[in-house]
1. For residues in region 15-37 being part of a helix (DSSP H, G or I) and either touching a residue at least 40 places away in the same chain (Cβ under 8 Å) or in contact with an Asp or Glu (Cβ under 8 Å, 6 or more places away or on another chain) (or both), which is least open to solvent (accessible area, probe 1.4 Å)?
2. If I filter region 38-52 down to residues being of a type in the set (Val, Ile, Thr) and surrounded by fewer than 15 Cβ atoms within 10 Å (Cβ to Cβ), which single residue comes out as farthest from SER86 (Cα to Cα)?
3. Is it true that some residue in region 67-83 is within 19 Å of ASN3 (Cβ to Cβ), exposed (fewer than 10 other Cβ atoms within 10 Å of the Cβ) and at pLDDT 85 or above?
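The values are calculated or read from the model by the stated rules, or taken from the named source; none is laboratory data. Given the structure is predicted, the values throughout are model-derived calculations rather than measurements. Cβ placement follows ideal geometry from the backbone for every residue including glycine, while neighbour counts extend to all protein chains displayed. Protein only, heavy atoms only, side chains kept; ligands, DNA and RNA dropped before computing areas. Shrake-Rupley method; radii C 1.70, N 1.55, O 1.52, S 1.80 Å.
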Amino acid sequence: MVNFLLDLISNLVILAVMLTACSLFNGMRPGAKANGYLVFFVFIAIALAFDAALTFLVFADSQTRYGKFSTTESFMQRFAAYLTASGIAICLARMRSRKASQGAQGSAVIRTSSYTKSQLPM
């Protein structure tokens with residue numbers, strides 16, 4: 001259980017770093033639309049493929065040295081941590097897109113002056 005929590009925390013730290021990096025990249029380049037959640041999801045998919053290859057191909061050959069890493073139980077804990085972090089990223093991405101769509105269509109506007117036709121969004 002401790003290994004699962006440590007793997008999950010490390011995956012969430014990686015998510016935070018990728019979201020920050022994409023936000024900085026979008027801030028530096030106004031036309032860029034880097035999606036940190038999508039980048040994280042692709043990163044997790046690649047990491048899972050490499051983890052499976054290491055667990056079942058590389059570490060399986062040297063059981064005496066890497067026995068605790070090559071077990072199916074340890075891989076399933078890491079797989080669950082990858083899956084949980086991906087689920088959190090997908091939920092956060094949906095919340096962000098829902099918030100953006102509600103903000104775009106549901107904002108009320110108060111007209112402040114008929115002469116200048118200025119408006120005050122609420």
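1. Among those that are part of a helix (DSSP H, G or I) and either touching a residue at least 40 places away in the same chain (Cβ under 8 Å) or in contact with an Asp or Glu (Cβ under 8 Å, 6 or more places away or on another chain) (or both), it is LEU15.
2. So the residue we want is ILE46.
3. There is at least one residue in region 67-83 that is within 19 Å of ASN3 (Cβ to Cβ), exposed (fewer than 10 other Cβ atoms within 10 Å of the Cβ) and at pLDDT 85 or above.
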